[in-house]
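S.K.: Input: one structure, supplied below.
The values are calculated or read from the model by the stated rules, or taken from the named source; none is laboratory data. The structure presented is a predicted model; accordingly, all values stated were derived computationally and were not measured. Cβ placement follows ideal geometry from the backbone for every residue including glycine, while neighbour counts extend to all protein chains displayed.
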Amino acid sequence: MPRALINNRGQWAIIEIVVVVAIILIAAYFILPSYIGGGKPKNDADRVHTPVGQAESVDCRNNLNQLRNAIEMEKSSGEEGRVPASLTDLGPSMSAVTKCSISGKEYSYDPSTGRVSCTTPGHEGY
């Protein structure tokens, strides 16, 4: 063996220290990406692909389903399938679910069809 790698006094050689530090840095990069900057979303569309964004996306879909159910109930209980003119016509209890949980934007609503959709990038089609 080369003499540079063997240390008779039980001390670490410089190459061993460099290798250990490199392994720790690589492990930290994969384990803690949010602290290094690799896991931070750049915009709303990227945020959908993070765990927090996925939870908020589920919350957004839940809000849309609640609004769609409220519109259907309004149509079935109203006069001849009347569709509400706006989301505020659904009552004060539905005012908390009229915005996307990620972007805070109001949901788009088409009173002619009664369709509610999200305008946040990455949520289209919910």
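S.K.: Take VAL52 and decide whether it is over 22 Å from ARG115 (Cβ atoms) and either at pLDDT 80 or above or in contact with a Leu (Cβ under 6 Å, 6 or more places away or on another chain) (or both).
M.R.: Criteria not met by VAL52.
S.K.: Let me ask something else about it. Looking only at the range 57-104, which residues are acidic (Asp, Glu) and outside any helix (DSSP H, G or I)?
M.R.: Scanning the range 57-104 gives GLU79, GLU80.
S.K.: Based on this model, can you work out whether LYS105 counts as modelled with pLDDT under 80 and among the basic types (Lys, Arg)? So that I can check it myself, show each step before the final result.
M.R.: Working: modelled with pLDDT under 80: no; among the basic types (Lys, Arg): yes.
No, not satisfied.
S.K.: Something else now. In the range 1-45, what residues are at pLDDT below 65 and part of a helix (DSSP H, G or I)?
M.R.: Once the filter is applied, which keeps residues that are at pLDDT below 65 and part of a helix (DSSP H, G or I), the range 1-45 yields PRO33, SER34, TYR35, ILE36, ASP44, ALA45.
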